[in-house]
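In what follows, a single structure is set out as structure tokens and then discussed.
The values are calculated or read from the model by the stated rules, or taken from the named source; none is laboratory data. These figures come from a predicted structure and were not determined experimentally. Note: ideal-geometry Cβ built from the backbone for every residue, glycine included; neighbour counts use all protein chains shown. In case anyone asks, the SASA skips ligands and DNA or RNA and just uses the protein heavy atoms, side chains included. Shrake-Rupley method; radii C 1.70, N 1.55, O 1.52, S 1.80 Å.
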Amino acid sequence: MEDNQLPLFMESGIYKLNSNVFFIDPVRILNRSYTRFRVSPSAYYSRFFDSSNSTQSPKASEDSRKRKRKRKQKKKPQSLNEREQIADRRHQKVKPLLLKAHEVLLEATDLLKVLRNLRNDGCAVGECKELSQESSELSFMELGGVWQAPLYEIVLNYQRDDKMFQNGGSTLAQSIEQRVALVFNNLVANEGSCDIEAELFNHKYIIPKRSCFCMSDLRQIDSLIPADSDCGFNLIVIDPPWENGSAHQKLRYPTLPNRYFLSLPVKQLCHTSGALVALWVTNREKLRGFVENDLFPKWGVTYAASFYWLKVKANGMMTGELDLIHHRPYECLLLGYCDGKDTHSRNLTILNLIPDNQVVISVPGDYSRKPPIGDLLLDYVPGSRPARCIELFAREMIAGWSSWGNEPLHFQDSRYFVIQ
Ligand code: SAM
């Protein structure tokens, strides 16, 4: 492990613990997309920081986990059905990898100290101003579902610095230039090198520099397909609303049956020089089988590697028991390549062989919010630089990326930002 990781982490939000384990701070990574505004750490880290457990030392916490594990072991073991047995075998295979990664994190004492304070980072008391006074969030699904939706507009406020010449000298005066765009089923872009504030129904949204979004339902996704595949994407991150008990229970967003994802136009979104496709999957065995046997083949994606996202709390301990079947403290990102029209694209992907079993550790944000892993994938993305990146079913925006979904502005709400 390199010694200078902490200063690098403070800048980049990425701490390389060893060749296949990384700790990341999503807030630091996301903040690289903004110039005037900052992602509020206390809004991002709304969970896993305020429980009494999070102030426990890793040692005390590990002791209490051992006690819990013992209690559980005393219970009669449940018999697993065939599918659960396959899932268990898969889990047993990755478990040593995750335990090792976690051990490496617990050894990084400098990082653990910083981790404990991630939620209070960046803004000393009185230095940062909350942006939002609104008590409610807009529901884009409700708005997008009414007949007036195609007429709704978003106002983009570009802040401009104008040079004023007066009495032989010059001063800078700020002015706002407003542009208006249809908010649904339309590609809305901020091509500038500064973030901007946008307004929609008295709510404010912060749009990163050099980013764009398209807010539509899956039925309209074809409007994303570029006329020319030279304008397609080299990195396609997909986090589908998979059906699963907990998403249904909490009703945070609607889910869709697996077969709907077969029609995602991944191949048509792919750049001429090919694309790396990164798909978030849940730990359900039925889903894994569907992805391997149906989804990837239908999309024209060849499986290449798996990454794991290990979730930890502020005290560095995992967010749950590794062996708890329905609440595993990790999720999996399946990676594969989609060939572009360019015949050389296959060679390109082979040149940058993607490593298997990389572990990314972070403290989770809001429910189902995935960490921004784009930077960790860029070395394996085919094509020229800067890579063209898109996230499907996105709830946030990132500089240099296109975001598509039925609520890509969700985490752009000014309530998740502060200004210094
Ligand atoms: N990656 C996101 C994040 O990190 O916050 C989470 C994505 S979440 C798993 C799935 C998203 O798909 C939700 O925002 C949901 O509203 C959206 N979605 C559900 N049904 C959709 C549809 N028919 N068309 C477009 N998006 C849909």
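Per residue, how much accessible area does the chain have with a 1.4 Å probe, in Å²?
Ligands and nucleic acids excluded, the result is 50 Å² per residue.
Percent of Cα-Cα pairs per 10 Å bin, from 0 to the last occupied bin, for region 99-221, please list those.
Calculated over all Cα pairs of region 99-221, the distribution is 10, 25, 24, 21, 16, 4, 0 percent.
Taking every pair of distinct Cα atoms and averaging 1/r, then inverting, what Kirkwood hydrodynamic radius in Å comes out for region 169-231?
On the way: mean 1/r = 0.0705 Å⁻¹.
In region 169-231 this quantity evaluates to 14.2 Å.
Give me the accessible area of Asp323, 1.4 Å probe, in Å² rounded to the nearest 10.
Ignoring ligands and nucleic acids, Asp323 comes out at about 70 Å².
Using a 10 angstrom Cβ neighbour count of at most 14 plus a DSSP loop assignment to flag exposed chymotrypsin sites (Phe, Trp or Tyr not before Pro), which longest range of the chain is free of such sites?
The reported range is 202-366.
Beyond a 30 Å Cα-Cα separation, which of these cross-linked pairs lie in this structure: Lys163/Lys209; Lys16/Lys209; Lys286/Lys341? All intermediate terms of the calculation are to be shown ahead of the outcome.
On the way: Lys163/Lys209 22 Å; Lys16/Lys209 27 Å; Lys286/Lys341 32 Å.
Violating the 30 Å limit, Cα to Cα: Lys286/Lys341.
Only Cα pairs under 8 Å and at least 6 apart count here; give the relative contact order of region 138-277 as a rounded whole percent.
Working: 207 pairs, mean separation 25.4, N = 140.
Reported relative contact order: 18 percent.
Between Arg90 and Asn202, what length comes free when the chain is fully extended (0.36 nm per residue of separation minus the Cα-Cα distance, one decimal in nm)?
Working: separation 112, 0.36 × 112 = 40.32 nm, distance 4.85 nm.
Computed gain between Arg90 and Asn202 is 35.5 nm.
What does the charge dipole of region 298-410 about its Cα centre add up to, to the nearest 20 debye, if the Cβ of each Lys and Arg holds +1 and the Cβ of each Asp and Glu holds -1?
Numbers: 11 positive and 12 negative charges, 33 e Å.
Approximately 160 debye in magnitude.
Once you put a point 7 Å from the Cα of Arg284 and another 7 Å from the Cα of Leu182, both along the Cβ direction, what distance in nm separates them?
With each label placed 7 Å out from Cα toward Cβ, I get 3.5 nm.
No solvent, one uniform scatterer per C-alpha: report log10 I(q)/I(0) for region 316-420 via the Debye equation at q = 0.12, 0.16 1/Å, two decimals.
Those come out to -0.59, -0.96, one per q.
Accessible area of the chain with a 1.4 Å probe: how many percent of it is carbon plus sulfur?
Here it works out to 50 percent.
In whole angstrom, and with the biggest value first, how far do the Cα coordinates of region 351-410 range along each principal axis?
That works out to 37, 26, 15 Å along the principal axes.
If exposed GluC sites (Glu not before Pro) are those in a DSSP loop with at most 10 other Cβ within 10 Å, what is the longest stretch of the chain that has none?
On the way: sites that count: Glu2, Glu127, Glu191.
Looking at the chain, 192-420 is the longest stretch - no exposed GluC sites (Glu not before Pro) with at most 10 other Cβ atoms within 10 Å.
Which angle between 0 and 90 degrees, to the nearest 10, do you get for helix 82-107 versus the longest principal axis of the chain when only C-alpha atoms count?
70
Where the convex hull is taken over the Cα atoms of the chain, what is its projected area averaged over directions, in nm²? Can you show the working numbers first?
Values: hull surface 97.5 nm².
With every direction weighted equally, the projected area is 24.4 nm².
Quick one: net charge of Ala189's neighbours, Cβ under 12 Å, K/R +1, D/E -1?
Values: positive: Arg179, Lys209, Arg210; negative: Glu191.
Net charge in that neighbourhood comes out at +2.
In whole percent, what relative contact order does the chain give with Cα contacts below 8 Å and a gap of six or more residues? It would help to have the intermediate numbers written out before the result.
On the way: 771 pairs, mean separation 96.9, N = 420.
This gives 23 percent for the chain.
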